[in-house]
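See below for the structure under consideration.
The values are calculated or read from the model by the stated rules, or taken from the named source; none is laboratory data. Keep in mind that this is a model prediction, so the values were computed, not measured. Please note: Cβ atoms are built from the backbone with ideal geometry, for glycine as well, and neighbour counts cover all protein chains shown. Side chains included, ligands, DNA and RNA excluded: accessible areas come from the protein's heavy atoms. Shrake-Rupley method; radii C 1.70, N 1.55, O 1.52, S 1.80 Å.
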Amino acid sequence: MLRQAFHELTLATRGRGLYEFTDAVTTWLSKVGFKNGLLTLHLRHTSASLLIQENADPDVRRDLEAFFARLVPDGDRLFVHTAEGEDDMPAHVRTALTAVNLNIPLHDGRLALGTWQGIYLWEHRRSPHARRVALHFIGE
Amino acid sequence: MLRQAFHELTLATRGRGLYEFTDAVTTWLSKVGFKNGLLTLHLRHTSASLLIQENADPDVRRDLEAFFARLVPDGDRLFVHTAEGEDDMPAHVRTALTAVNLNIPLHDGRLALGTWQGIYLWEHRRSPHARRVALHFIGE
Amino acid sequence: MLRQAFHELTLATRGRGLYEFTDAVTTWLSKVGFKNGLLTLHLRHTSASLLIQENADPDVRRDLEAFFARLVPDGDRLFVHTAEGEDDMPAHVRTALTAVNLNIPLHDGRLALGTWQGIYLWEHRRSPHARRVALHFIGE
């Protein structure tokens, strides 16, 4: 019988960077006891992102961060919205360039992630934040 | 008992820019009477995007537009596909850099949007268009 | 009665470029016999993307590829993660800038794709790869 479940994770960041939370997601899925269905994640913020990326070599995260820092420079004179500092508007742009929603099927009790895929919260602000991620599952 | 519903919104744009339509979505959800489940939005076009972004300070939209205009310049000599004008191919690139799908859980009758999150149609063409957004809901 | 189905497609690429696979998706949907519901696609890799884009003029794909090649240059000295060659880290960045998940509602037996929308696998590596796409459907 199909059913659904909701949960909210709060993730504490220590400033800009990629934070993997795959384990928190799979722990919740085990607890609610689903075997097959669809997982959806929604980040309730506009200055951070959800990202599925390689979780093997940490240089990948370092290079992603370096590329986005060059593409969307802090303190760019183009920006008018600077109320919260020079990383304020770049954080919104980085969010627009990435995503705040993810979906991953669950099949035979395993998320359909590839061998090297991890689920990340990408904090775009320089200061620490508490970030809320809504989880939804529908399946059986 | 789980059930599903479909709807299509047609949004009229007045040319390039961000158009919030959160209210049209919540109005439909109230009408069909769901309390918990998953909302999916799909934009049926390749030269506009769906975006969740800050709906407080309008400067955020102004700065997003300014950044994308600089990143993907109209009339760039790189582009071959210019049949509909110098904003034609930049519109496709902007769409590739953003998204045409969104998902938002509904829990206890409220969309799991953050305090500052609004749902936007981002028109990338300079001229007015009628844009169709398919809505799907599954839940109860 | 709502039910769900899973499938996995393996797509062979011949190196960097956009490969349409809309037909493989609709063929599977016809076979499993759904009429209404939600299709989700998840790509199990971190150096390729899923993209919905125009499937009429092939110049659109040529221009998308040209833009991303200029935006994220192969061999950029910024990158430290170069184990698999000069297109290794650019492939991860291109994936972060696009998406690995897509959702499309199915209504009255038809995917809610726009007239010009096709479903593409975007291979970001120069060499041929076998790419796995997980499909999930829930509906009736």
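Structure data summary
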quantity	calculated
Other protein chain Cβ atoms within 10 Å, averaged over every residue that makes up B:79-88	3
Using alpha-carbon coordinates, inclination of helix B:88-97 to the longest axis of chain B, degrees	50 degrees
Relative contact order (%) - criterion: Cα under 8 Å, at least six apart; region: the stretch B:78-140	31 percent
Carbon plus sulfur fraction of accessible area for chain A, probe 1.4 Å, in percent	49 percent
Value of relative contact order over the stretch C:43-125, rounded to a whole percent, pairs C-alpha under 8 Å and six or more apart	54 percent
Average beta-carbon neighbours from other chains, 10 Å sphere, peptide A:57-70	5
Mean residue ellipticity (222 nm) of chain C, computed from DSSP H runs ≥ 4 via -39,500 (n - 2.57), nearest 500	-7500 deg cm²/dmol
Chain B, relative contact order in percent, only Cα pairs under 8 angstrom and at least six apart counted	56 percent
Neighbouring partner chain Cβ atoms per residue of A:123-134, average, 10 Å criterion	1
Counted charge near A:Leu113, where neighbours are those whose Cβ lies closer than 14 Å (Asp, Glu -1; Lys, Arg +1)	-2
Dipole-positive endmost among A:Thr98, A:Phe68, A:Val133 within chain A (Cβ charges, Cα centre)	A:Val133
Amide H contacts under 5 Å for C:Arg16, placed H, 5+ residues apart	C:Arg126, C:Ser127
Simple Cβ-charge dipole of the protein assembly as shown, Lys/Arg +1 and Asp/Glu -1, about Cα centre, in debye nearest 20	980 debye
Unit charges on C-beta of K, R, D, E only; dipole of chain C, Debye	360 debye
Prolate/oblate/rounded call for the protein assembly as shown, Cα gyration tensor, a/c under 1.5 rounded	rounded
Karplus-derived 3J(HN,Hα), 6.51/-1.76/1.60, for each residue of the stretch B:57-70, Hz, glycine and proline x	7, x, 4, 4, 5, 4, 6, 4, 5, 5, 5, 5, 5, 7
Most to least packed among B:81-94, A:104-117, A:12-25 [average Cβ atoms within 10 Å]	B:81-94, A:104-117, A:12-25
Interface area, A with C, accessible, probe 1.4 Å, both sides summed, Å² nearest 100	2700 Å²
Sparsely packed trypsin sites (Lys or Arg not before Pro) within the stretch B:37-88, loop by DSSP, other Cβ within 10 Å at most 15	B:Arg77
At 0.890 mPa s and 25 °C, Stokes D of chain C from Kirkwood alpha-carbon radius, µm² per second	154 µm²/s
